[in-house]
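No lab work stands behind these numbers, since they all come straight from the coordinates. Predicted, not measured: the structure shown is a model, and the values here were computed from it. Here Cβ is always computed from backbone atoms with ideal geometry, including for glycine, and neighbour counts include all displayed protein chains.
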């Protein structure tokens, strides 16, 4: 994917309200580039699943527009839906059908011609080939999750939605799934995923979107977001434990931890200078001897928590 990649999904001023007055989506604007992996993060009830359902044509917008591949999801439903594959959170499968029949039927629903070789590849990629003749009811929860993914891929979609795909599944399935995701991206498929495993989003997503209370807080390149909002910590191990930090160090963002044996200095990654050398000089002037120094970058999870809870902190302060 290049920076000039065209948008394959466009969401404009999308509102979704329900009877009783609850508004799940509040004027959402979102553009998703062809061939990218976008991770959509947000707490429970933020509007992630409602947004996905609306883009996939499973939920009708109250107002606003959504297009997939240039096709409006309301006025040109068949064309837009044919471009989309969805792996939902719920295990919605016919229990007495076989794996192969389930996947073949799903392909047929979209009017695709029979292609046994393609379906075999999907099932092999998801470690399902040896289960192809098994009835769904006999499969474990993890295997059923694999079948959902195979169903979503059966009609060769250009856009794939994964709604909490690894929630409660085993490590082996997670590994298989991310291998399939990488192959799909290489083939030009656009992937949008929601996940509670934020470390996965940080590892595989090109961009991160954060949604909270029905509003998109931001959509940014993963690396750029981490550089802009990430903080670094210098952990300084000291020779003699302290009960408190000297007043002469009050100007720095320092925390005493590790039973008084560590001083943690937090600094902005975007600042021209880290200030670490100055801190070390002032520690030495205060008679504190350093034994070791290490640094750590804040994680995407910490960035996410700060974004979601910042508005709440502002409201509480007012």
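Label-to-label distance for residue 174 and residue 276 is 3.0 nm, based on points extended 7 Å past Cα in the beta-carbon direction.
Out of the DSSP beta bridges found with both residues in the chain, what percent are antiparallel (nearest 5)? Roughly 70 percent of the DSSP beta bridges within the chain come out antiparallel. Relative to the longest principal axis of the Cα atoms of the chain, helix 99-109 runs at roughly 80 degrees. Entry note, the stretch 7-227: relative contact order of 28 percent, from Cα contacts under 8 Å with a spacing of 6+ residues. The length gained by stretching the chain between residue 22 and residue 248 to full extension, at 0.36 nm per residue less their Cα-Cα distance, is 76.0 nm.
Taking only DSSP H segments of four or more residues, each worth -39500 (n - 2.57), what value at 222 nm results for the chain once the sum is divided by all its residues, to the nearest 500 deg cm²/dmol? Could the numbers behind the result be given before it?
Working: 10 runs with 107 residues, N = 318.
Calculated at 222 nm, the ellipticity per residue is -10000 deg cm²/dmol.
Rg and Dmax of the stretch 231-297, based on Cα coordinates, read 11.2, 32 Å. Gap in Å between the Cα centre of the stretch 73-142 and the Cα centre of the stretch 172-231? The stretch 172-231 and the stretch 73-142 have Cα centres spaced 24 Å from each other. Angle, helix 116-125 long axis vs. longest principal axis of the chain, Cα atoms, 0 to 90°, nearest 10? The angle comes out at about 30 degrees. Which residue, 251, 187, 150, tops the fluctuation ranking in a GNM of the chain built on C-alpha contacts under 10 Å? Checking each option, the largest mean-square fluctuation is seen for 251.
The mean of 1/r over all pairs of different alpha-carbon atoms in the chain, once inverted, gives a Kirkwood hydrodynamic radius of 22.4 Å.
For the chain, the longest principal axis of the alpha carbon atoms and the long axis of helix 276-285 meet at an angle near 30°.
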